[in-house]
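The next block holds one structure in the form of structure tokens; read it before the comments.
Computed from the coordinates by the stated procedures, all read-outs in this text should not be read as laboratory data. These numbers were taken from a predicted model, which means no experiment stands behind them. Every residue, glycine among them, receives a Cβ derived from its backbone with ideal geometry; neighbour counts consider all protein chains shown.
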Amino acid sequence: MGGTGTAAASIIGMAADQRAEVLIVGGGIVGMAIAWRARQRGMSVTVLERDRAGQGTSRVAAGMLAPVVEVEFGRAGRRLLELGMRSARMWPAFASDLASCADAPLELMRTGTLLLARDEDDARELERQLAFRESLGLTVRRLLPSEARDREPALAPALRLALEVPDDHSVDPRSVLAALTRACIAAGVQLREHAPVARLELGGAGGPHVTGVTLESGERVAAERVVLAAGPWSERIGGLPAHARVPVRPVKGQILRLRDPAGPGLLRRVVRFRGGYVVPRADGRYVLGATVEERGFALSPTAGGVYELLRDAHDLVPGISEMEIEELSVGLRPGTPDNAPAIGPGAVPGLVWATGHYRNGILLAPLTAELVTGMLAGGDAAGTAAGDAEESVLSACAPGRFAAASEHLERPASRSPVVAV
């Protein structure tokens, strides 16, 4: 995280002997965005990160801002679409403000997305996806193969069909995370790295409420309010009764980072296809991902996963085979039973959830930060956000919707991703 080492060293490792006004568990993009926005509102904020800030799930992410492509059939999918569309509209202002506060450039790649079909089965599925998105009033265009290759000449001649989604863009999460770290430290956020949380502490008169946390080292950190933004590790944090928990599972994803020796230009747009995607960066690098594997917390890459990614991408973008492999990463997406996030107060006062963002953590970071800081600024016991305009958004991601599943401690079943995701 270039440019943050000296400032961070003066804060990381501080003794936590003071009561925090807001304690955020998790230093990924969601936790750091909340910390930055809460500090801008004048709150005293401490972030506890189990490893290094921004080095977990968020660092591995490709950074697609793709609510239109990601929308799924069913009521839950439409609720998630509302969240994604709203957050996507927030990203330009969020990026501009963050770049100014961090004194670092932060570029959105606003070139759109293409969904690709390599055979007749894929083409039929894309036609179904097109009709579904048109029924929701979303902007999607059907392209003949020749039209798609006019836009992206590197596409293979064997392409059967394409859909153009002009308003789905991308951002480099690593640049965002570096900027968030700088902005948080400059604003006075206390960042404690290598501070894994073992459990939440409950206490107080008038019924139990969250009073802080205990670290795995045994150290206790008191807080007025705790925000749980620990991604796939959220469910491993103890201290809550079963009915108050949110079921979050890790979903493994393998992802490659490639560099084109010829420089940028092979692709301008994000391209997505059954089994993966290719996301271009402005400097000639590309992100190729990502597998979807229900393997618990296993982080080992596999030859089969890498082979399938390269094979599927080469079928549609043959130039991929000329690129150099710079990095192979494995990340864990935080999934809930309906794959929508848990944002808001739970069953125990003093705790606000901000987890379970699955494939949309980067996309939903600005909205999550706005919603959670609104709750924190409200100051009441329930942590409710002010304003009726938030109600429909908050109801779509209310943590309480998982109460029954949490009581039985059942692990949720996986859901199949839509084609081209």
Rounded, prolate or oblate (a/c below 1.5 giving rounded, otherwise prolate when a/b exceeds b/c) for segment 112-163 by Cα gyration tensor: oblate
Spin-label pair ALA377/ARG128, simplified geometry with 7 Å Cα→Cβ offset, distance in nm: 4.4 nm
Using a Förster distance of 30 Å, the FRET efficiency for SER217-ARG295 (Cβ separation, nearest 0.05): 0.55
Unit charges on C-beta of K, R, D, E only; dipole of segment 43-140, Debye: 360 debye
Packing-based exposure ordering (other Cβ within 10 Å, fewest first) of GLU324, GLU72: GLU324, GLU72
Average Cα contact separation per residue, segment 227-286, under 8 Å, 6 or more apart, as relative contact order %: 27 percent
Packing-based ranking, highest mean first, of 110-123, 225-238 given that Cβ atoms within 10 Å are counted: 225-238, 110-123
Extension gain (nm, one decimal) between ASP97 and ARG149, 0.36 nm per residue minus Cα-Cα: 15.1 nm
Degrees between helix 29-40 axis and first principal axis of the chain (Cα, 0 to 90, nearest 10): 50 degrees
Cβ-based charge dipole, the chain, positive-most Cα from VAL171, GLY31, VAL330: GLY31
In degrees, nearest ten, helix 173-187 long axis to first principal axis of the chain (Cα): 30 degrees
Most positive-pole-ward Cα, VAL270, ALA298, TYR286, against dipole of segment 265-332 from beta carbon charges: VAL270
Gyration tensor verdict on segment 167-210 (Cα atoms; rounded if a/c is under 1.5, prolate if a/b is larger than b/c, oblate otherwise): prolate
Counted charge near ARG236, where neighbours are those whose Cβ lies closer than 12 Å (Asp, Glu -1; Lys, Arg +1): +2
Backbone HN-Hα couplings from phi across segment 109-120 [Karplus 6.51/-1.76/1.60, Hz, Gly and Pro as x]: 8, 9, 10, x, 9, 10, 9, 10, 10, 9, 8, 5
Positive-end extreme of charge dipole, segment 50-195 - chosen from LEU144, GLY188, VAL71 (charges on Cβ): GLY188
Cα gyration tensor, segment 240-341 - rounded (a/c under 1.5), prolate or oblate: prolate
Assigned charges on the beta-carbon of Lys, Arg, Asp, Glu; the chain dipole about Cα centre (debye): 180 debye
Part-to-part distance (alpha-carbon centres) for segment 97-159 and segment 236-299, which is given in Å: 18 Å
For peptides 46-53, 395-402, sequence by mean Cβ density within 10 Å, most packed first: 46-53, 395-402
